[in-house]
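Colleague: Once you've had a glance at the structure underneath, I'll fire off some questions.
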Amino acid sequence: MQEAVAWFARLRDLDASEADWLAFIDWIEADPERRLAYDAVEQAWVDADEDSPEDRSENVPGRLKPANDDRPVRGARRRWMYGVAATAACAVLALGVWTQTMRPQVERHATGDRAETITLADGSEVWLNRHTTLEARIGRRQRDILLGGGEAAFDVTHDAARPFIVHAGDRNVRVLGTAFDVIHQGERFVVQVERGRVAVTPSGAARPTDLSAGQSLRQSGRGAVSVATEDPETIGVRRDGILVYHEARLAEVVDDLSLYLDKAVIADDAARELRFSGVLKADDEVNVLGQLEAFAPVRIERASNEVRITAR
């Protein structure tokens, strides 16, 4: 209450600056009790003035009132009320503006049969693979990215005051400024760091896992987490449709092809457990499937709406 009284007096001063108003807004929004206290102080002054009889000012020390003339008192009271009203109006206006600026800027993006590169409100660049949905909420204190499904590669603008957090289901990736790739596809979750450092919280984890450039993290569902070392240059080339694998389960290759091709890619259990090393260029369906069939012991059948892969 003492702080509310001090703010009320401070803001009634005609010399109150913009910095004073901004500091007041930060103060009053930090705790709902502060707003109640300030409203109570303001109302007390209004009530005291409204309930005072006109001749009460005769007993105020240091004030002279000419006989049969209350105009100076009424004029002073009127100016006081105008000051209170102006203060209240300015507070409402300032708080309204502050509320608008504090609301995060919300962007929603979805890709179809083509990948797309977008620039977020904070200047960060995001590459969205095919069939990927993303919602960005760029706020004053934090930047939240909701990756609904698919794959996105981030080149984050450094801003130590606003952490950049990618949410993929119940998993998240927290960074300040870096370049990394996130795949959130059904049960599959992959983070690959091209540059900088990130802190990844996998599903069911009590604490995050720190990754630096050239490291990756993988998790299926709420299963075990694996961390591996990769060439940072092979992470960035995914945006060009070049897929590099080293002793990867063919299930990972199948999931990747589902993102890059315009149809579902389905593999039987035996094929999904095969290990694959090699480089695939996902620029053309016929070409990439021909490469896979030549390099791996699988048989591939193509249809208009799906691709089926079986172990040979």
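The values are calculated or read from the model by the stated rules, or taken from the named source; none is laboratory data. All values derive from a computational prediction rather than experimental measurement. All Cβ positions, glycine included, derive from the backbone under ideal geometry; neighbour counts span all protein chains shown.
Colleague: Applying the selection to the stretch 263-307, what residues are among the basic types (Lys, Arg) and surrounded by 16 or more Cβ atoms within 10 Å (Cβ to Cβ)?
Modeller: Scanning the stretch 263-307 gives a single hit, 272.
Colleague: Can I ask one more? With the condition kept exactly as written, say whether any residue in the stretch 115-126 is surrounded by 16 or more Cβ atoms within 10 Å (Cβ to Cβ), modelled with pLDDT of 95 or more and not in a loop (DSSP other than H, G, I, E, B).
Modeller: Within the stretch 115-126 (the criterion being surrounded by 16 or more Cβ atoms within 10 Å (Cβ to Cβ), modelled with pLDDT of 95 or more and not in a loop (DSSP other than H, G, I, E, B)), the answer is yes, since at least one residue qualifies.
Colleague: When the residues of the stretch 128-159 are filtered to those that are more than 19 Å from residue 194 (Cα to Cα) and part of a loop (DSSP other than H, G, I, E, B), which remaining residue is modelled with the highest pLDDT?
Modeller: Of all residues in the stretch 128-159, those more than 19 Å from residue 194 (Cα to Cα) come to 130-144, 146, 148-149.
Filter once more, so that each one left must be part of a loop (DSSP other than H, G, I, E, B): 130-132, 139-142.
Values: 130: 91, 131: 91, 132: 95, 139: 89, 140: 85, 141: 85, 142: 90.
Going through the qualifying residues, I end up with 132.
Colleague: Still on this structure, I have one more. Suppose we keep only residues that are farther than 27 Å from residue 266 by Cβ and among the small types (Gly, Ala, Ser) within the stretch 199-255. Which one would you say is nearest to the chain's Cα centre (by Cα)?
Modeller: Filtering first and then ranking leaves 199.
Colleague: Among the residues of the stretch 13-32, which ones are under 28 Å from the mean Cα position of the chain (by Cα) and part of a helix (DSSP H, G or I)? Please lay out each step first, then the result.
Modeller: Of the stretch 13-32, the ones under 28 Å from the mean Cα position of the chain (by Cα) are 19, 21-32.
The answer is 19, 21, 22, 23, 24, 25, 26, 27, 28, 29, 32.
Colleague: Is there any pair linking a residue in the stretch 288-312 that is more than 14 Å from residue 257 (Cα to Cα) to one that is part of a loop (DSSP other than H, G, I, E, B) and polar (S, T, N, Q), with Cβ under 8 Å and at least six apart or on different chains, and which?
Modeller: If the second residue must be part of a loop (DSSP other than H, G, I, E, B) and polar (S, T, N, Q), no pairs are left.
Colleague: Could you look through the stretch 167-191, keep only residues that are over 15 Å from residue 217 (Cβ atoms) and out of contact with any Ser or Thr (no Cβ under 8 Å at 6 or more places or on another chain), and pick out the one that is modelled with the highest pLDDT?
Modeller: 167
Colleague: For the stretch 210-229, check the following and say yes or no: at least one residue is basic (Lys, Arg) and more than 18 Å from residue 181 (Cα to Cα). Before you say what the answer is, go through the steps one by one.
Modeller: Pass one, the stretch 210-229, residues basic (Lys, Arg): 218, 222.
From what's left, more than 18 Å from residue 181 (Cα to Cα): 222.
Yes, the conditions are met somewhere in the stretch 210-229.
Colleague: May I pose another question? Filter the helices (runs of 4 or more DSSP H) completely within the stretch 233-312 down to those with at least 2 residues that are in contact with a helix residue (DSSP H, G or I) (Cβ under 6 Å, 6 or more places away or on another chain).
Modeller: Details: elements: 250-260, 269-272, 285-295.
Where helices (runs of 4 or more DSSP H) fall fully within the stretch 233-312 and carry at least 2 residues being in contact with a helix residue (DSSP H, G or I) (Cβ under 6 Å, 6 or more places away or on another chain), they are 250-260, 269-272.
Colleague: Quick check, is residue 209 without any contact (Cβ under 8 Å) to a residue 24 or more places away in the chain and touching an Asp or Glu at 6+ places or on another chain (Cβ under 6 Å)?
Modeller: no
Colleague: Looking at the stretch 149-179 only, could you name the residues that are touching a residue at least 40 places away in the same chain (Cβ under 8 Å), in contact with a Phe, Trp or Tyr (Cβ under 7 Å, 6 or more places away or on another chain) and within 18 Å of residue 130 (Cα to Cα)?
Modeller: Scanning the stretch 149-179 gives a single hit, 153.
Colleague: Is it the case that some residue within the stretch 200-207 is of a type in the set (A, V, I, L, M), farther than 21 Å from residue 110 by Cβ and modelled with pLDDT of 95 or more? Before the answer, list the steps.
Modeller: Of the residues in the stretch 200-207, the ones of a type in the set (A, V, I, L, M) are 200, 205-206.
Among the residues that remain, those that are also farther than 21 Å from residue 110 by Cβ are: 200, 205-206.
Keeping just the survivors that are modelled with pLDDT of 95 or more gives 200.
Within the stretch 200-207 (the criterion being of a type in the set (A, V, I, L, M), farther than 21 Å from residue 110 by Cβ and modelled with pLDDT of 95 or more), the answer is yes, since at least one residue qualifies.
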